Amino acid sequence: NAGVTQTPKFQVLKTGQSMTLQCAQDMNHNSMYWYRQDPGMGLRLIYYSASEGTTDKGEVPNGYNVSRLNKREFSLRLESAAPSQTSVYFCASSLQGNTIYFGEGSWLTVV
Amino acid sequence: GQQVMQIPQYQHVQEGEDFTTYCNSSTTLSNIQWYKQRPGGHPVFLIQLVKSGEVKKQKRLTFQFGEAKKNSSLHITATQTTDVGTYFCAGRTDKLIFGTGTRLQVFP
């Protein structure tokens with residue numbers, strides 16, 4: 001049982017480049033999330049999807065887009081990367097309102 | 001908007017000492033969850049508290065939810081080096097908002 005799988009684990013981008021972080025869960029969860037983690041800032045919600053076919057903005061959505069491709073997959077896209085988007089990104093999933101299960105994280109550096 | 005604050009930000013203790021982290025919300029919560037993140041790892045769920053005044057224990061860890069459902073605490077008795085990591089609370093209203101975390105360092 002893989003849980004939440006996200007790729008890539010590490011990525012270095014140049015300012016202005018685009019990329020997509022992929023995430024998949026095999027726990028049949030309805031809800032999926034993308035968080036970013038910065039030192040001293042805790043975990044901040046970027047976007048979430050309460051169910052297949054819906055997406056909503058979280059606390060820090062600017063500069064990002066998401067796609068809930070199906071029940072299993074939820075991708076995060078940076079259209080034009082900026083140094084301020086250097087962070088650790090976590091994908092997560094849950095049954096509605098319950099425990100959140102996190103992926104192992106994606107370390108992104110924008111130079 | 002909803003805010004969840006945690007104190008302290010950092011705590012260094014000698015192995016065997018106790019440790020407490022506090023979580024305060026600006027709004028009344030329907031429940032609160034606690035997570036632990038080891039260095040270089042991802043957050044892992046520890047426990048959820050739902051009822052006003054609820055106290056739950058997991059071995060050396062004691063979790064409390066305040067009477068007003070706006071604050072919570074995590075207390076670790078006799079810390080061990082395996083307790084090292086960052087502890088996050090996460091308070092739920094219509095959304096789940098994570099606190100800023102408390103990083104615990106334990107010296108042997």
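The values are calculated or read from the model by the stated rules, or taken from the named source; none is laboratory data. No experiment lies behind these values; they were computed from the predicted model shown. Neighbour counts run over all protein chains shown; Cβ positions are idealised from the backbone, glycine included. For the accessible areas, the whole protein counts, side chains as well, though only heavy atoms, and no ligand, DNA or RNA atoms are used. Shrake-Rupley method; radii C 1.70, N 1.55, O 1.52, S 1.80 Å.
The heavy atoms of B:Ile7 present about 100 square angstrom of accessible area, all protein chains included, probe 1.4 Å. Model label points for B:Thr82 and A:Leu69, set 7 angstrom from Cα along the Cα-to-Cβ axis, are 3.8 nm apart.
Rg and Dmax, both from the Cα atoms of chain A and both in Å, are 13.0, 37. The aspartates and glutamates within cross-link reach of B:Lys70, meaning a Cα-to-Cα straight distance under 16 Å and a gap of 8 or more places when in the same chain, are B:Glu54, B:Asp94. Each of A:Thr99, A:Met32, A:Leu76 was scored by the projection of its Cα onto the charge dipole of region A:1-99, and the greatest displacement toward the positive side belongs to A:Leu76; charges sit on the C-beta of Lys, Arg, Asp and Glu.
A dipole drawn for the protein assembly as shown from +1 and -1 charges on Cβ atoms has a positive end, and of B:Gly16, A:Val88, B:Val50 the residue lying farthest that way is B:Val50. Computed about its Cα centre, the charge dipole of chain A is approximately 140 debye, with only Lys, Arg, Asp and Glu carrying charge at their Cβ.
Based on the Stokes-Einstein relation at 4 °C and a viscosity of 1.567 mPa s, and on the Kirkwood radius from alpha carbon pairs, chain B is assigned a translational diffusion coefficient of 95 µm²/s.
Expressed as a fraction of 2.2 N^0.38 Å, the value expected for a compact globular protein of N residues, the C-alpha radius of gyration of the protein assembly as shown is 1.03.
A quarter of the convex hull surface defined by the alpha-carbon atoms of region A:1-49 gives 4.7 nm² as the mean projection. Region A:54-99 and region A:1-28 have Cα centres spaced 10 Å apart.
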